[in-house]
Structures are given as C-alpha cells and as structure tokens.
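Bear in mind that the values in this text are calculations on the coordinates, not laboratory data. Predicted model, so just to flag it, every value in this text is computed and none were measured. Ideal geometry is used to build each Cβ from the backbone, glycine not excepted, and the neighbour counts take in all protein chains shown.
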Amino acid sequence: MQISQLFSRLNNKKFSKLLTQTVALGLGAIVLFSTTNANAAEQVVLKYGTFQGQISVEELSQFTETGETTPTLRAYLQAAQQDPAVARKALKAPIKADAGFLNSLLSSWAGPILVNQIGEVVHPPAGELNQEALRSALSTSIQQNGEVTLLGAIQNYPNTSVELEGDRLISVYERLSSLAELL
C-alpha cells in the first residue's frame, strides 16, 4: 500500500505541475496575442490654443474612418470651433508611396524635416519631440498601410498618451499634401 500511495502522490505532483505550466503558457499566449501594439498610444490630448481635452485613440480612429463623432469629441470640436470634415481630412490624408521608398525617405536627409513637420502636430504630452519615437511610429504606419498619415503616427506612437495640436493640424496637413504631390 505504501508504494501505491507514493506513486499516487508522485503522479498528483507531476499532474499539478503540468497543469500549472499549461495554464501559465495558455495565459501568456492569450496576453501576447490579444494585445496588439502594447506600446502604442491609447489616449490623445487634443489642444486648440488654450483649450485642452482628452479622448481615446479608438474614438479618434472611429471618427477618422466613419466621420461619426462621439459626444465628447463633438463637444471638443465645437468648443475649438473646428470643422469636423476638415479635421477628419487632415488626420487621414496620406502620403502614399512604396513602403521601401518611404522608409528610405525617413532615413535620408529629408527624414528629420518630415518628422519635424508631423512632430508639430503629434508629440508627447507637455514634452519635447522625440524624433526616434515619432520616426518609429511613422515606420510602423508605413509597414501596416504603405502610407504616412497623422492618424497612423498617433496610433503607433510608442507612448500611452500623445498630444494633438489641433490649431496646427491644417497647416501641417497642407504642407504634407504638397510633399505628397511631389512624390
């Protein structure tokens, strides 16, 4: 009887360890595959002059894709006296080109100029522009969509929060549109 009890205990310990490892592996896989862009921006601080409000990147993405505003975003746009159609156009206007070409452009002498232009509108909250972080966000956007957009820079910015300078949005959009025509 003692041998069978020892064998039973041994099997229970092995089974318990195997079960624990399997559960841990399963939970790790769920976390890994369910979190896309874990280091990407989640919140956007909209700034228009002295006005400032916070919305989620998801709300901004929905607005850009569908044109539908949430009550919060609608209130912010009204308070800032911003035309939603113009803001939407500026956020989604692409610089389209071959992904390799755009990545080469970012690495060339023109890269810092492009990054600085976008950095006038998209940057860390109350901080100086981090060129490498924005360049990384733009490169990720290019790999995903084959284009550069302000929304792509926001969605892929490697910080949990990012500021969007709404009063500069249109002027930067116009400069990027001019650049896009040259490409």
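Summing charges over all other residues whose Cβ lies under 15 Å from the Cβ of T160, with Lys and Arg as +1 and Asp and Glu as -1, gives -3. With K and R counted +1 and D and E -1, the other residues having a Cβ less than 9 Å from that of H123 yield a net charge of -4. Seen from F51, the other residues with C-beta closer than 12 Å to its C-beta sum to a net charge of -1, counting Lys and Arg as +1 and Asp and Glu as -1. List the residues of the range 158-177 whose backbone N lies under 15 Å from a point placed 7 Å from the Cα of Q52 along the Cα-to-Cβ direction. Within reach of a label on Q52, which here means backbone N under 15 Å from a point 7 Å along Cα→Cβ, the range 158-177 contributes 161-167.
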